[in-house]
Amino acid sequence: MSRPRQIYFAIISAFLVTAALAGCTGGGPTPKSSGVTLRLGYLTRITHASALVGIENGAFARNLGPGVNFQPQPFSQGTAETTALLSGQLDAAFVGPNPAFNAWQRSNGTAIKIISGSATGGTSMVVKPGITAAADLRGKTVADPALGGAQDVSLRDWLLKNGLKTNPQGGGDVSIKPTTPESAIVQQFISNQIAGAIESAPYDVQLVNAGGVRLWSDPNTITILVVRQEFLSAHPDVVAALVRGQIEANDTIHNNPDAAAQAANATLTKALGSGLSPEVLTASFQETTFTNDPGVQSLNDQVRKAVAVGLLQPLNLDGIFDLGPLNRELAAVGKPAVAA
C-alpha cells in the first residue's frame, strides 16, 4: 500500500474510533441554541441536593454546553421562587410542590410545567422531649419555613386530622410561626421560644441534634423541577439538557454518595458562607430519597391537603405535567419512564 493511502486509511480509522467513543457517552446533544440564559432557582437545603450536586460537579453546565449562560440562583424560600417565576426573573426552579401549585393557580395554568421529580421525604416534625402526640401541642407555638410551603401544609393538615385548628395569622389551637432564615428556627428551639418545628434536611437533623425528638416524618414529594412554559416553548433543547443534568446529578447521588455529599456541601458553602458538619450532612442524605419521578399520587394528595387547610382553592392538576423531555432522556440512558 502506498504511503498516501496508508495516511488516508489512518485518518479514516481515527475518525471512526472518535465517533464511536462519542456515541458511547450516553448523553444527548448539547443545545443548538446559543446566547440563551438559563436562570435556575434552588433552595439551600439538602432536599434540593439534585441541584446542589449538579451545580458543583458540572452536570448542568456540561449538558447545557457553551452556548447557554447558566445562572444558578439560591433562595431561602419556595414562595420567593414562585414570585420570581411568575415575574419572569427565573426560567426554571427546583421548588416544593405547594409553591408550584400556587404558581399554576395564580397564573390560571399558564406559568409553569412540572418536568421532573427530585426528592421525597427528608422532612420531619421535631418537638421537645415529653411531647408525644398532637394534643400535647395545644396552646403552644411551633415553627415552619413559610406560610403556604410544603412543610406548612403538611403540618396544618396533620394538626387538623388530630382535631387542632390553625389559621394563617398564627392563631388557633396551635400557633404556627413561619420563620426565616431557617437557621433561626433552630435557635428559637434551643432558646425554648418554640415547642417544635416541621423542617426539611438539614434543619430537622439540626433540631434533633439540639435535643429534639422526631414526632413524625413526611414521606411525600418534597422537591420537583419546574420550568416556565414560555421558556420551554422557546428552548426545548435547553430544557432537555437541563433534565439530562438532573438525571446525571441523581445518578451521582445514588452511585457515589460520598462525592455527592461533598459536592452539595460545596454549593451550600458558596451560597451561605458555611457548609454542614459531616454528621449533619450524612444524616440529611440518609433521610432523603432522590428520584426523577415527581410522584403524581403524592402531589395530588398534597393539593387535597392544601385545600383542606384553606391555603389553596380547589385545583385540578390536569396539564401541569410535561414529562416528555424527562422520559425521552430516561429512555436514552436505558431507564424506565415515569408516569404523569
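The values are calculated or read from the model by the stated rules, or taken from the named source; none is laboratory data. Just so you know, these numbers come straight off a predicted model, no measurement behind them. Counting neighbours? That spans all protein chains shown, and the Cβs are built from the backbone with ideal geometry, glycine included. Surface accessibility is based on the protein's heavy atoms, side chains included, excluding ligands, DNA and RNA. Shrake-Rupley method; radii C 1.70, N 1.55, O 1.52, S 1.80 Å.
Find, among the trypsin sites (Lys or Arg not before Pro) in region 122-157, those assigned to loop by DSSP (not H, G, I, E, B) with at most 11 other beta-carbon atoms within 10 angstrom.
Here no trypsin sites (Lys or Arg not before Pro) fit, given the DSSP loop and packing criteria.
Compute the length gained on full extension between residue 229 and residue 316: take 0.36 nm times their separation in residues and subtract their Cα-Cα distance, giving the result in nm to one decimal.
My answer for the length gained is 29.6 nm.
Of 201, 104, 315, which is farthest along the charge dipole of the chain in the positive direction, counting Lys and Arg as +1 and Asp and Glu as -1 at C-beta?
Selected residue: 104.
Of 235, 254, which has the most accessible area with a 1.4 Å probe, and how do the rest follow in descending order?
So, going from the largest accessible area down, we get 254, 235.
Scan region 209-271 for trypsin sites (Lys or Arg not before Pro) in coil per DSSP, keeping those whose Cβ has at most 16 other Cβ atoms within 10 Å, and list them by number.
none
Would you calculate the separation in nanometres between label points at residue 180 and residue 217, each defined as 7 Å from the Cα along the Cα-to-beta-carbon direction?
Between residue 180 and residue 217, the label points sit 2.8 nm apart.
Test of understanding: what is the full-extension gain from residue 339 to residue 187, defined as 0.36 nm times their sequence separation minus their Cα-Cα distance?
Net length gain for the segment: 50.6 nm.
Expected output is a single nm value to one decimal: the length gained when fully extending between residue 108 and residue 266, i.e. 0.36 nm times separation in residues minus the C-alpha distance. What is it?
53.1 nm
Obtain the nm distance between the two label points defined at residue 209 and residue 300 by a simple spin-label model: each point lies 7 Å from its Cα along the Cα-to-C-beta direction.
4.0
Could you tell me what percent of the accessible area of the chain is made up of carbon and sulfur, with a 1.4 Å probe and every protein chain present?
Accessible surface attributable to carbon and sulfur in the chain totals 54 percent.
Just read off the accessible area of residue 247 with the full protein assembly in place, 1.4 Å probe, to the nearest 10 Å².
Residue 247 exposes around 10 Å² with every protein chain in place.
Within a Cβ distance under 9 Å of residue 123, other residues only, what is the Lys/Arg minus Asp/Glu net charge?
Local net charge: -4.
Compute the separation of the alpha-carbon centres of region 275-305 and region 55-103 and state it in Å as a whole number.
Comparing the Cα centres of region 275-305 and region 55-103, I get a distance of 18 Å.
At 7 Å along the Cα-to-beta-carbon direction for both residue 86 and residue 161, put a label point, then send me their distance in nm to one decimal.
Rounded to a tenth, the inter-label distance reads 2.8 nm.
Counting only heavy atoms of the protein chains, get the accessible area per residue of the chain (1.4 Å probe) and round it to a whole Å² value.
Result: 42 Å² per residue.
For the chain, find the longest principal axis of its Cα atoms and tell me its angle to the long axis of helix 150-161, 0 to 90°, nearest 10.
Helix 150-161 sits at roughly 40 degrees to that axis.
Among [x] 22.4, 72; [y] 19.8, 74; [z] 22.3, 94, which one is Rg and Dmax of the Cα atoms in Å computed from these coordinates?
Structure-derived value, by its label: [z].
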